[in-house]
Number of protein chains: 2
Amino acid sequence: MSGVRAQQKEKTRRLLVDAALNQLSAARSFSSLSLREVAKEAGLAPTSFYRHFSDMDELGLTLVDEAGLTLRQLMRQARQRIAKGGSVIQISVETFMELIESNGNVFRLLLRERSGTSAAFRAAVIREIRYFTMELCDYLQQANDLDSEVAYMQANAAVTIVFSAGSDALDMEDKTERVQLSKQTIQQLRFIARGAAELSDRRKAGRKTRK
Amino acid sequence: MSGVRAQQKEKTRRLLVDAALNQLSAARSFSSLSLREVAKEAGLAPTSFYRHFSDMDELGLTLVDEAGLTLRQLMRQARQRIAKGGSVIQISVETFMELIESNGNVFRLLLRERSGTSAAFRAAVIREIRYFTMELCDYLQQANDLDSEVAYMQANAAVTIVFSAGSDALDMEDKTERVQLSKQTIQQLRFIARGAAELSDRRKAGRKTRK
DNA sequence: AGCAATAGCGTACACGTGTACGCTTAAATT
DNA sequence: AATTTAAGCGTACACGTGTACGCTATTGCT
């Protein structure tokens, strides 16, 4: 019942997953990784790969799942920090940027496979990002008392801006450049928040007078 | 002097470029294209490829250049339409969406290689997009009398939003879905415009009182 | 007219790829 | 203790890849 075998299997499975993640870089996308490369990096014979995944695609989807997990951890962490007070937007952006610095490869995976070549991957990534967006949407609607449609548009725009900034940040090695980018991103999010708040107010006023 | 030879060479060079472009699709990225495939599609022997490009990379950069050209045509067309009156934002978004419907592959190339695997490609794509952004920035600054830094942030955010929407539009086969996306994008751009105008005003007021 | 340049082709090679197949060895089950 | 299960390995194969090399045929130049 201890499952020495299953335990060992899970261990080398992780070896494969980690091997794939570690091979990702600015110059190396998941789709450019070969089964043999991953197996070799994990210290396995090529054919042993099949004991864990039937395909590189299957490994890839596992990776996307892990990336989604990381994204959710990010949200949790941001919420905790926000609870302690401070500018919501600023804290969110800074938390996000930290994630990118420490988990660049995970983020790269999401960015690339989003517009990648495999329909399954795209669907999986889009699902994760949508989940992320919806979570933000709920928060905005509740915290700022927004019209639900307006909240969605704001959340969607904000996520787009932040992800794009993250993508840019990945290519920066200079620290001050990144700080500058953060500032700009924060300002852009404020633009959006401002516009959304206004539209939401206008809609509410419209509903009132119509009654 | 007529240059029968050079003329013919240019012709088959175009054959290669077009062959590469035609092979692009949702399921096929440029980096997944092989020299042999492109040559075959162009009706050439693999080795004849080298008479025109030393590399697939060189062909790729040519493609990016063409994409940049398309982007500039887009700007010109949008400007012409704007001159005839109407909502600037609406016209811009609609023009952009038309481009995507008719030149999906060109746009896909830009989107993918932007976060792609080759540093040279990324640099080239980023240059084209930056040029696009700067052009918009100038327009905004002049037309709306904005603070220059604010205008840049607005232009940058707008381009990000529009490109992201374009990327989403590529995956839609339903027409009404695309119309809905356009509406949302227009609204999001208005959010940004609103926020930017406000910040610009605040900055100007600040400068006045300080004098 | 004669020579040089060159676009395009065919052949050939070494290399990396996915994966089918059978074997070994150790855990799990009986 | 005997048997079944399955993780991992090595070998082997067919296939697609980039590209070096030499050849042909046509254009351009002198």
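Inspection of the stretch A:78-100 finds no residue satisfying the criterion of being farther than 18 Å from A:Ser182 by Cβ, touching a Ser or Thr at 6+ places or on another chain (Cβ under 8 Å) and in the same structural domain as A:Asn156 (by TED's automatic domain parsing).
Can you confirm whether B:Glu198 is farther than 20 Å from A:Ile192 by Cα, of a type in the set (D, E, K, R) and in contact with a helix residue (DSSP H, G or I) (Cβ under 7 Å, 6 or more places away or on another chain)?
Details: farther than 20 Å from A:Ile192 by Cα: no; of a type in the set (D, E, K, R): yes; in contact with a helix residue (DSSP H, G or I) (Cβ under 7 Å, 6 or more places away or on another chain): yes.
Criteria not met by B:Glu198.
Taken over the stretch A:52-99, the residue count meeting the criterion of being under 25 Å from A:Ala124 (Cα atoms) and open to solvent by less than 50 Å² (accessible area, probe 1.4 Å) is 21. Determine, yes or no, whether A:Lys84 is among the basic types (Lys, Arg), over 18 Å from the mean Cα position of the chain (by Cα) and closer than 30 Å to A:Ala157 by Cα. The answer is yes for A:Lys84.
For residues that are surrounded by fewer than 18 Cβ atoms within 10 Å (Cβ to Cβ) and either of a type outside the set (A, V, I, L, M, F, W, C) or at positive phi (or both), tally how many sit in the stretch A:24-43.
9
Tell me yes or no: at least one residue of the stretch A:8-22 is within 14 Å of another protein chain (Cβ to nearest Cβ), surrounded by 12 or more Cβ atoms within 10 Å (Cβ to Cβ), away from DNA strand C (no atom under 11 Å from the Cβ) and within 27 Å of B:Ser31 (Cβ to Cβ). Step through it out loud before you land on a result.
Applying the first criterion (within 14 Å of another protein chain (Cβ to nearest Cβ)) to the stretch A:8-22 yields none.
No, that holds for no residue.
To keep it simple, each residue is scored yes or no on (1) hydroxyl-bearing (Ser, Thr, Tyr); (2) outside the structural domain of A:Arg108 (by TED's automatic domain parsing); (3) within 10 Å of DNA strand D (Cβ to nearest atom).
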{"position": "A:Ala6", "(1), (2), (3)": "no, yes, yes"}
{"position": "A:Lys11", "(1), (2), (3)": "no, yes, yes"}
{"position": "A:Asp18", "(1), (2), (3)": "no, yes, no"}
{"position": "A:Leu24", "(1), (2), (3)": "no, yes, no"}
{"position": "A:Ala27", "(1), (2), (3)": "no, yes, no"}
{"position": "A:Ser32", "(1), (2), (3)": "yes, yes, no"}
{"position": "A:Leu35", "(1), (2), (3)": "no, yes, no"}
{"position": "A:Ala45", "(1), (2), (3)": "no, yes, yes"}
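Output the number of residues of the stretch B:24-43 satisfying the condition of being more than 13 Å from DNA strand C (Cβ to nearest atom), in a loop (DSSP other than H, G, I, E, B) and either closer than 21 Å to B:Ala6 by Cα or in contact (Cβ under 8 Å) with a residue 24 or more places away in the chain (or both). Count: 3.
Identification of helices (runs of 4 or more DSSP H) wholly contained in the stretch B:115-211 with 2 or more residues that are aromatic (Phe, Trp, Tyr) yields B:119-144, B:148-170.
Scanning the stretch B:47-59 for residues that are near DNA strand D (Cβ under 9 Å from one of its atoms) and within 14 Å of chain A (Cβ to nearest Cβ) yields a single hit, B:Met56.
Being under 22 Å from B:Ser200 (Cβ atoms), acidic (Asp, Glu) and touching a residue at least 24 places away in the same chain (Cβ under 8 Å) holds for only one residue in B:Asp147, B:Asp171, and it is B:Asp147.
To keep it simple, each residue is scored yes or no on (1) open to solvent by 20 Å² or more (accessible area, probe 1.4 Å); (2) among the small types (Gly, Ala, Ser).
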| site | (1), (2) |
| --- | --- |
| B:Glu113 | no, no |
| B:Ala120 | yes, yes |
| B:Thr133 | no, no |
| B:Leu136 | yes, no |
| B:Gln141 | yes, no |
| B:Ala165 | no, yes |
| B:Gln188 | no, no |
| B:Gly195 | no, yes |
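Considering only the stretch A:44-51, I want to know if a residue exists there that is under 30 Å from B:Ser118 (Cβ atoms), open to solvent by less than 90 Å² (accessible area, probe 1.4 Å) and away from DNA strand C (no atom under 12 Å from the Cβ). No.
The values are calculated or read from the model by the stated rules, or taken from the named source; none is laboratory data. Small disclaimer: the values here were computed from a predicted structure and weren't measured. Because the Cβ atoms are built from the backbone with ideal geometry, glycine has one as well, and the counts that use them run over all protein chains shown. Remember, those area values only see protein heavy atoms, side chains included, never the ligands or the DNA or RNA. Shrake-Rupley method; radii C 1.70, N 1.55, O 1.52, S 1.80 Å.
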